[in-house]
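Structure first, commentary second.
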């Protein structure tokens, strides 16, 4: 019976990063993927950040399949037929690039191939059915192939948001419906010139828009519109607990988004070449389980390592995969694959931006549960747009009365001055935990 | 009208490549539980219209499934046995 140093379940960004780092260090690793090829089941918004990938593959942008270099980021507060905009454009985002748009099917293939080139053994079209255990220790993975048991000193659980393996370990309960969002998305193709003109771009520059408000039909949710080379990624994610209550069909919600006047004009004439849907872990720091144990580590979405406030997930996944690999490489030198030894991985995560960023926003999950989503995602955005409309409309009313209307309208929507202040204070606390 | 092209769920799912297995990877554990379920909300929250209440049973169009897992977590009674399709089966995205 052949035994490997590590079996990695899932060839997404977390798994591929772990495989690449371990293969480089000379470890024998198997990279398992249930899809036809890495990336074939994967979806993201998607923005890829430079920093964390550069730590793994220096100058990756010279070879990786990327779409557009993001020079402008926007937040839109949506009314029904209106929008109030906030954005930042900066030439400084070009050199060095801060982030790019990308497509996961292309990117993940490229990234997993780096691991394979470095010596990882690819085993695709194979589902990991369960962990093989000896007592409390994980010693391998049972797959759906004939004679498909794979044994290893460490199993890297990078099986994504549904993480059936993580659940089977009992390290986390089933995610509650308020700990995940469902995002649906379309890839809408347009000629390159249309994209450049509509968004005021040139060459490989790109722009992103996140939008919140009446587009989520009273649910906790965030929409996104990203420019690619010759397409637009347009989607919306809503908290599953709200979706359950709303009885809105996710694809109807997406159609409503596409028909919002501010969005319709950006995508018009485009051809949808793909519809996609995926869960996003949004439980925050409280949902993150223990990250290692005897013979196993857990990375990426499977461990809820997503900063949903900044729509960062892929980079946290990659870094967690790299840290896991470093801990396993160190464990191999010691010849000790126990929890004590592998907890080096937990410590690396704790000392990094991953835990620090999740900690900063740790109060937000509770806040979003506490406040009626209709107030935050429907009534307040509507009031903000109505206030802006009133302020800018010249109709003979005095500016003083207009300003009074604008302020009172927003205050009253929140339930009065005190409630608005409380909301502001709670919001501030929730994002500065 | 070109704006509405691709608006229906059938048209949306048509953009995805599937390799459908002969057997369902989604199994209703107990149809009696569905019969008693007051909301039957899986009929709405599934982004691929996999579930529909017809002839007093929950029908499962597993061949439409985009493997997101919403039903696994969303079913109020956790009445869906949810596993991944066999290796290499199910959806293959082009862009993702």
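The values are calculated or read from the model by the stated rules, or taken from the named source; none is laboratory data. Here the structure is a predicted model, which means the values were calculated and not measured. Every residue, glycine as well, gets a Cβ built from its backbone with ideal geometry; the counts of neighbours run over all protein chains shown.
Restricting A:388, A:406 to those that are free of Cβ contacts under 8 Å to residues at least 24 places away in the same chain and either outside any helix (DSSP H, G or I) or surrounded by 13 or more Cβ atoms within 10 Å (Cβ to Cβ) (or both) reduces the list to A:406. Scanning the range A:333-374 for residues that are under 13 Å from residue A:297 (Cβ atoms) and in contact with a strand residue (DSSP E or B) (Cβ under 7 Å, 6 or more places away or on another chain) yields a count of 6.
A quick yes/no check of all residues on (1) over 30 Å from residue A:138 (Cα atoms); (2) in contact with a helix residue (DSSP H, G or I) (Cβ under 8 Å, 6 or more places away or on another chain); (3) modelled with pLDDT under 95:
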| site | (1), (2), (3) |
| --- | --- |
| A:321 | no, yes, no |
| A:354 | no, yes, no |
| A:360 | yes, no, yes |
| A:373 | yes, yes, yes |
| A:422 | yes, no, yes |
| A:431 | yes, yes, yes |
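Could you check, for the range A:109-118, whether at least one of its residues is away from chain B (no Cβ under 14 Å), crowded, with 18+ Cβ neighbours inside 10 Å and in a strand (DSSP E or B)? Checking the range A:109-118: not a single residue is away from chain B (no Cβ under 14 Å), crowded, with 18+ Cβ neighbours inside 10 Å and in a strand (DSSP E or B). Considered as a group, the residues in the range A:250-287 that are in contact with a helix residue (DSSP H, G or I) (Cβ under 6 Å, 6 or more places away or on another chain) and at the interface with another protein chain (Cβ under 7 Å from one of its Cβ atoms) include one that is farthest from residue A:185 (Cα to Cα), and that residue is A:251.
Listed by position, the strands (runs of 3 or more DSSP E) enclosed by the range A:136-211 that each have at least 3 residues that are modelled with pLDDT of 95 or more and within 14 Å of chain B (Cβ to nearest Cβ) are A:137-143, A:180-189.
Test residue A:269 against the stated conditions and say whether it is in a loop (DSSP other than H, G, I, E, B) and modelled with pLDDT under 95. Answer is no for this residue. The numbered conditions (1) in contact with a strand residue (DSSP E or B) (Cβ under 8 Å, 6 or more places away or on another chain); (2) over 28 Å from residue B:83 (Cα atoms); (3) within 14 Å of chain B (Cβ to nearest Cβ) are all true for residue A:10 except (2).
Those strands (runs of 3 or more DSSP E) of the range A:1-75 in which at least 2 residues are under 17 Å from the mean Cα position of the chain (by Cα), considering only elements entirely within it, cover A:47-49.
Just a yes or no: is a residue in the range B:77-85 more than 18 Å from residue A:177 (Cβ to Cβ) and over 13 Å from the mean Cα position of the chain (by Cα)? Within the range B:77-85, not a single residue is more than 18 Å from residue A:177 (Cβ to Cβ) and over 13 Å from the mean Cα position of the chain (by Cα). Quick check on the range A:308-325. Is at least one of its residues in contact (Cβ under 8 Å) with a residue 40 or more places away in the chain and part of a strand (DSSP E or B)? Yes - at least one qualifying residue is present in the range A:308-325.
Residues that are assigned to a loop (DSSP other than H, G, I, E, B) and crowded, with 19+ Cβ neighbours inside 10 Å within the range B:84-96 comprise B:84, B:85, B:87, B:88, B:89, B:93, B:95, B:96, listed in sequence order. In the set (1) in contact with a strand residue (DSSP E or B) (Cβ under 9 Å, 6 or more places away or on another chain); (2) modelled with pLDDT of 95 or more; (3) under 22 Å from residue A:60 (Cα atoms), the condition left unmet by residue A:311 is number (2).
Restricting A:234, A:222, A:305 to those that are modelled with pLDDT of 95 or more, buried (at least 22 other Cβ atoms within 10 Å of the Cβ), assigned to a strand (DSSP E or B) and more than 14 Å from every other protein chain (Cβ to nearest Cβ) reduces the list to A:222.
Checking the stated criteria, residue A:25 turns out not to satisfy the condition of being crowded, with 24+ Cβ neighbours inside 10 Å and within 18 Å of residue A:156 (Cβ to Cβ).
Of all residues in the range A:117-139, those being touching a helix residue (DSSP H, G or I) at 6+ places or on another chain (Cβ under 8 Å) and touching a residue at least 40 places away in the same chain (Cβ under 8 Å) number 7.
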